[in-house]
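Each remark here refers to the structure printed beneath this line.
The values are calculated or read from the model by the stated rules, or taken from the named source; none is laboratory data. In this text, all values refer to a predicted model and were calculated from it rather than measured experimentally. Note: ideal-geometry Cβ built from the backbone for every residue, glycine included; neighbour counts use all protein chains shown.
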Amino acid sequence: MNKYLSIFKTSFSQEFAYKLNFVMWRLRNVLQIFVLFFFWSTIFSDPSRMVFGYDRGKILTYVFGVMIVKAVVFSARTVDIAGDIAKGDLANYLLKPISYFKYWLTRDLSSKALNLIFAVGETLILFFILKPPFYLQTNPWLILAFILSLVLAILIFFYFLLLCNMVAFWAPEMGWAVQFLLVIIIGEFLSGSFIPLDIFPLGVQKVFYALPFPYLIFFPLQVYLGKISLAFTLSGLLISIAWVLILGFFANFIWRRGLRRFAAEGR
Amino acid sequence: MDRAIVVDHLVRDFVVTEKESGLKGTFSSIFSPKKKAVHALKSISFSIQPGELVGFIGPNGAGKTTTMKSLSGLLYPTAGFVQVLGFDPWDRKNEFLKQIAFVMGQKSQLWWDLPAIDTFELNKAIYEIPDRQYEETLNELTDLLDAKKYLNIQVRRLSLGQRMRVELIAALLHKPKILFLDEPTIGLDVVAQARMRDFIYDYNRKYEATILLTSHDMDDLVNLARRVIVINEGKIIFDGLLDELTNRFAKEKIIKATLSDEKNIADIEKIGKVKKLAFPEVILTVPRSAVALAASELLQNFPVEDLTIEEESIEDIIRRVFKGEGVKTKLF
């Protein structure tokens with residue numbers, strides 16, 4: 001365990017080596033929140049207006065919630081794996097008595113911790129600037145379910161990103177393109193970080209809920225906001241668990257296949 | 001366990017995709033990729049005793065690095081048997097990985113943005129090195145490599161020579177029993193090369209570590225390895241003592257003479273093959289068997305001031321071995 005604690009600490013210090021990079025990344029998040037905030041503010045300018053089951057307070061809580069949940073779920077170092085594979089740097093890890101998956105999960109967690117600290121700070125600042133109405137969940141069971149859904153979201157995203165990165169075993173130059181397409185476009189959109197997914201027609205929503213993506217951002221936030229029934233909360237958690245298992249299985253399977261192909265190139 | 005490394009009929013193939021140049025080549029490689037199997041290792045066998053220091057010689061692409069990668073568990077063998085310290089490297093068991101280290105001259109395991117000491121601390125945790133042992137080994141290695149002043153500098157700011165020193169420390173903190181060194185002296189200046197060599201030599205002696213080394217620098221091998229394995233095109237063409245390699249393949253001797261007079265200098269061609277003729281210096285190569293005769297003829301017929309007889313340089317011998325000269329007919 002000590003191994004991974006050490007990795008956590010080293011990874012944390014590493015993040016600080018690129019201070020400007022990090023600041024820009026956070027700035028991007030803040031700007032995105034600004035845009036969404038004013039967009040929804042305008043739509044809900046009349047405080048009594050309800051659209052798709054959201055009032056002004058809930059939609060703005062959603063927007064802020066996205067910032068926090070995104071910091072926890074989407075911050076990851078795992079994006080570097082494709083490069084590791086393509087450049088052959090993977091060899092360095094394979095030679096060490098550590099589990100590669102645990103290594104990267106640990107690095108992800110350190111990145112998440114750092115981003116969470118900043119996201120909370122940013123939220124507080126924005127909160128005082130924009131003074132939005134904020135919905136505070138008080139039901140301890142829902143808060144527990146929210147935390148559980150976050151843990152599952154972290155694992156789903158981890159395995160999903162891992163799978164995308166492993167494309168580099170077969171097509172070393174494609175790693176980044178696949179990530180961009182799948183993670184940034186599909187992942188961010190289908191996870192509900194731009195718009196809440198329940199404003200889509202029911203039929204479309206049904207399709208979404210069968211996919212792993214809504215369980216990354218949208219579902220945890222719905223649990224927090226108490227917008228969904230108990231039955232739906234439970235089934236959502238179960239589907240999340242199923243996705244963790246499915247993606248985890250494939251990640252392991254493809255990892256073993258990939259390693260056989262791996263040639264530790266780069267020299 | 002008597003042998004540290006056993007390799008039996010190891011085969012490794014690679015599939016490479018060929019692409020013709022330009023945009024057109026890119027498109028055709030997408031739709032109908034031309035795949036080609038490259039046989040990097042064609043059934044090689046050898047074994048190494050604990051504590052041996054063995055040098056791998058071979059031109060680029062001969063299969064030296066592929067062999068080392070197979071031995072350290074990085075590559076899945078296409079066929080054949082590999083055993084290192086009683087383990088199958090491909091299983092990558094922690095007990096196995098804790099006993100080996102692989103240093104690549106062109107690759108770094110250090111965290112680029114952090115000082116080397118951070119990587120060391122991390123390795124200490126990863127290899128589960130006890131505090132006391134870590135302190136001792138670190139001090140010893142930093143002394144041996146004279147690297148104390150580089151430990152707290154961001155790795156990206158170190159020069160290549162400085163980086164290689166801390167790289168070695170990072171790789172050796174867990175006192176590996178087997179050390180794979182792939183071109184450890186590449187790109188280093190003469191002084192740094194000599195330091196690296198001394199270190200490898202001392203390390204082998206002191207810790208009785210088994211060391212496998214590849215290098216293009218013959219000085220590395222002459223100074224370090226008694227036993228060499230020569231690989232060419234995925235096959236072992238020589239495995240034995242370095243001296244034996246010289247004896248077997250050196251077919252000529254070199255006579256260097258200093259003359260006092262330019263008279264009849266053109267006739268010198270009759271004695272042997274002239275490699276250099278720049279009065280007063282003459283360099284000739286003659287067959288080993290005829291060296292005594294050639295030397296006496298030279299002394300009798302020319303105004304010789306000074307004369308030495310030398311062996312061919314190891315580079316020349318190796319170059320001939322790779323060209324396949326005399327190998328297939330004489331050895332196999």
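Before moving on, here are some points about what is shown:
- Residue match in the range B:235-244 (condition: modelled with pLDDT of 80 or more, within 28 Å of the chain's Cα centre (by Cα) and among the small types (Gly, Ala, Ser)): yes
- The number of residues in the range B:202-215 being surrounded by fewer than 17 Cβ atoms within 10 Å (Cβ to Cβ) and touching a residue at least 40 places away in the same chain (Cβ under 8 Å) comes to 2.
- Counting only strands (runs of 3 or more DSSP E) wholly contained in the range B:218-332, the ones carrying 1 or more residues that are farther than 30 Å from residue B:44 by Cβ and not assigned by TED's automatic domain parsing to the domain that holds residue B:186 occupy B:252-259, B:273-278, B:281-287, B:304-311.
- Of all residues in the range A:222-264 being within 14 Å of another protein chain (Cβ to nearest Cβ) and surrounded by 15 or more Cβ atoms within 10 Å (Cβ to Cβ), the one that is nearest to residue A:143 (Cα to Cα): A:255
- Some residue of the range B:257-266 being touching a helix residue (DSSP H, G or I) at 6+ places or on another chain (Cβ under 8 Å) and surrounded by 13 or more Cβ atoms within 10 Å (Cβ to Cβ): yes
- Looking across the range A:82-118 at every residue that is more than 9 Å from chain B (Cβ to nearest Cβ) and in contact with a Lys or Arg (Cβ under 6 Å, 6 or more places away or on another chain), the one that is surrounded by the fewest Cβ atoms within 10 Å (Cβ to Cβ) is identified as A:118.
- Residue count, the range A:109-135 (criterion: of a type in the set (Lys, Arg) and farther than 13 Å from residue A:70 by Cα): 1
- Leading residue by the ranking (modelled with the highest pLDDT) among those in the range B:74-110 that are facing chain A (nearest Cβ under 7 Å) and part of a loop (DSSP other than H, G, I, E, B): B:98
- Residue match in the range B:120-130 (condition: in contact (Cβ under 8 Å) with a residue 12 or more places away in the chain, in a helix (DSSP H, G or I) and farther than 26 Å from residue B:4 by Cα): yes
- Residue within the range B:18-37 that is within 14 Å of chain A (Cβ to nearest Cβ), in a strand (DSSP E or B), on the phi < 0 side of the Ramachandran plot and surrounded by 11 or more Cβ atoms within 10 Å (Cβ to Cβ) present: no
- Selection from the range A:198-242 of residues that are out of contact with any strand residue (DSSP E or B) (no Cβ under 8 Å at 6 or more places or on another chain), among the β-branched types (Val, Ile, Thr) and part of a helix (DSSP H, G or I): A:204, A:207, A:223, A:233, A:239, A:241
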